[in-house]
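A short worksheet on the structure shown next.
Values quoted throughout were computed directly from the atomic coordinates according to the rules given, and no laboratory measurement underlies them. From a predicted model like this one, the values you see are computed outputs, not experimental measurements. Here the Cβ is made from the backbone with ideal geometry for all residues, glycine too, and neighbour counts use every protein chain on show.
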Amino acid sequence: MTTATRTDYEVVVGVEVHVQLKTRSKMFCACPRDYFDTEPNTHVCPVCLGMPGMLPVINEQAVAFTILAGLALGCEIPDYSKFDRKNYPYPDLMKGYQISQYDQPLCVGGALEIEVAGDHRTVNLERIHLEEDTARLLHRDDGAGGYSLLDVNRSGVPLMELVTKPDLRSGAETAAFLRKLRQILRYLDISDADMEKGSFRFDVNLSLRPRGEERLGTKVELKNMNSFRAAQRGIEFEVERQTAILEAGGTITQETRGFVDATGETASQRSKEEAHDYRYFPEPDLPPLQVSRETVEELRARLPELPDAKRERFERDYGLTHDEAIALTETRERADTFEAAVDASGDRKYARAAAHWFMGDVTRHLSDLGPEAELSDSKVTPAHVGDLARLVEDGTITGSTAKDVLDAAFETGEMPAAIVEARGLRQVKDEGAIDEAARKAIEANPKAVADYRSGKEAAIKFLVGQVMREMRGRADPAGATEALRRHLDGGA
Amino acid sequence: MALTADEVRYIARLARVALDDDEVERLRDQLSGILDHFQILNDIDTSDVPPTAQSFDLANVDRPDEPRPSLDREEVFANAPRREDGYFRVRAVLD
């Protein structure tokens, strides 16, 4: 039997990301930008309602935020930029056109380096431009074809659109790119970048080609992915679907498909595939933007330390592992919290211990508080964690006691050192006491003793646990192990 | 510059305007005339004039990011044919 040679296909992916900017007012009018949890049609005015004769005026902060994003991503910031009208009829578009940027966006080029399972890839960007969000449509079913309701509060919210080049090669890479992009936007504090609230949305363009082929295959646009995981699953489903079609000798239809979260599959969105004719033309109501080099440099000076630089510094200055540094620089707040804890501990030599507690038990406590809880949401401060790290590292308390001390700190907000003193939790190094506890543990657990003697080395851990229990966790674990071995091996 | 009937129908569709055949013919004449009129601009020598997207010498007309109160709710709906629970009610729109 012969095996047919399977063609090895490569998926080529590019993404478009829409990000609502965290300004106070809207893009072209002074209505409050926030629309989440607001009464419908309360943050509206003639401009965002698209009334005749209205005159839009550019929000300078939205422009600054977009340039900041461009600088963080290594984009070129041209001297000159302008807005254009993108014409299309849809009821959520109040004016019948969207003010966007066509051929002279605020940011050009740029790149973001991602890491997936240790492999690095540079994802080049096409551009970043600024536009306005549309109104929100709700659909109501009345048993007679239904009708729609329109909330204009979202109309005119500043929307930054970022387009990549087709540089991604898998669902995992795409998810990694989106994660890292969102992380940077949050570091910059220019967007909540919250997918659930719609302030970070993306579409994916993908095509398959035989590996080694230069020419791109037929493009499929993928929509409706509301999480990073959905992006990865949607792309992986498309790769399988399209590979099957190509292997059967079929051809791929150029179309838009929607990801269905419940099934993990994609389905064709039968839109009236008319080629869009947006008839872009320069927005006559908005004079162009001249971006001076001074402005660019002022903004560049406002850039915070970005995740990659922070991670490298954490590895270098605190001796953290790559993975520890990645975890602790996940958010700016977490990184700042960690550094404050190290400061509070009094010495950088406690940094690894502080990292250990942050990534283990502190994270566990925080996840009990909520999916995105940070330390500031709890009674524990960075100083608590720094204090704890020092107490464990210098041997004042055992790791086992430290867990209890941390639990108490989360409950009461008391400092670890105070908890240790008040409850008498200092590590016991008294050999006599440990010896006595070891003897008791051996007497009370003949089975573990027999296991140990028959060569089950792991049984000693159980016995150490019993010694710890006897001594309320305060026994020096090394001393306890030693005492047990002395009894067991010596008294055989 | 004579437009074809198909071009007129295409433009009408973009503008969401329904036209019968007589109207297509009448508008074909009128729109062609307008285009001819603008053709005059093509006679001007602009080889020394840099391209521009606007006719005023303005740039960077922007505003500080300061929210101001929005329109009164009753004013918002003053011209709305139908409202429901604080929303504008429109015909069914399907994604």
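By the Cα gyration tensor, the range A:3-296 has an equivalent ellipsoid whose semi-axes, rounded to whole angstrom, run 34, 24, 18 from largest to smallest.
When every Cα-Cα distance of chain A is counted in 10 angstrom steps from zero, the calculated P(r) takes the values 4, 15, 20, 20, 16, 12, 8, 4, 1, 0 percent.
Please work out the FRET efficiency for the pair residue A:54 and residue A:469, using the Cβ-Cβ distance as r and a Förster radius of 60 Å; give the result to the nearest 0.05.
On the way: r = 74 Å, r/R0 = 1.23.
The formula returns an efficiency of 0.20 here.
In this calculation the C-beta distance from residue A:165 to residue B:78 is compared with R0 = 56 Å, giving a FRET efficiency of 0.70.
Each residue, residue B:18 and residue A:244, gets one label point 7 Å from its Cα in the Cβ direction; the gap between the two is 4.3 nm. Normalising the Debye intensity of the range A:371-492 to I(0), with uniform scatterers on Cα atoms only, and taking log10 at q = 0.11, 0.19 Å⁻¹ returns -0.45, -0.92. Note on residue B:49 and residue A:24: the model spin-label points, each 7 Å out from Cα along the C-beta direction, lie 4.3 nm apart. In chain A, the DSSP-assigned H stretches of four residues or longer account for a calculated mean residue ellipticity at 222 nm of -12000 deg cm²/dmol, using -39500 (n - 2.57) per stretch and the full residue count as denominator. Remark on the protein assembly as shown: A:29, A:31, A:45, A:48 stand apart, with no other cysteine beta carbon under 4.7 Å. Taking every DSSP beta bridge that has both ends in the protein assembly as shown, the antiparallel portion is near 90%. A dipole drawn for the protein assembly as shown from +1 and -1 charges on Cβ atoms has a positive end, and of A:130, A:32, A:256 the residue lying farthest that way is A:256.
Thinking of the range A:428-483 as a set of Cα atoms, what percent of all their pairs are more than 15 Å apart?
Working: 583 of 1540 pairs.
Of the Cα pairs, 38 percent sit more than 15 Å apart.
Simple point charges give the picture: +1 on the Cβ of Lys and Arg, -1 on the Cβ of Asp and Glu, and for the protein assembly as shown a dipole about the Cα centre of about 1800 debye.
When the P(r) is computed for the range A:307-423, the part past 20 Å accounts for 35% of the Cα-Cα pairs.
Extents of the range A:125-176, largest first, come to 46, 26, 15 Å (Cα atoms, principal axes, whole angstrom). For chain B, the convex hull spanned by the alpha carbon atoms encloses 261 Å³ per residue. For residue A:447, the lysines whose Cα comes closer than 18 Å to its Cα, not counting residues fewer than 8 places off in the same chain, are A:456, A:461. If a spin label sat at a point 7 angstrom from the Cα of residue A:285 along the line to its beta carbon, the backbone N atoms of the range A:91-125 nearer than 11 Å would be those of A:94-99. Within the straight-line cut-off of under 28 Å between alpha carbons, the lysines reachable from residue A:82 are A:22, A:26, A:95, A:165, sequence neighbours fewer than 8 places apart in one chain being disregarded. Structural size metrics of the range A:266-360, computed from C-alpha coordinates, are Rg and Dmax of 23.6, 66 Å.
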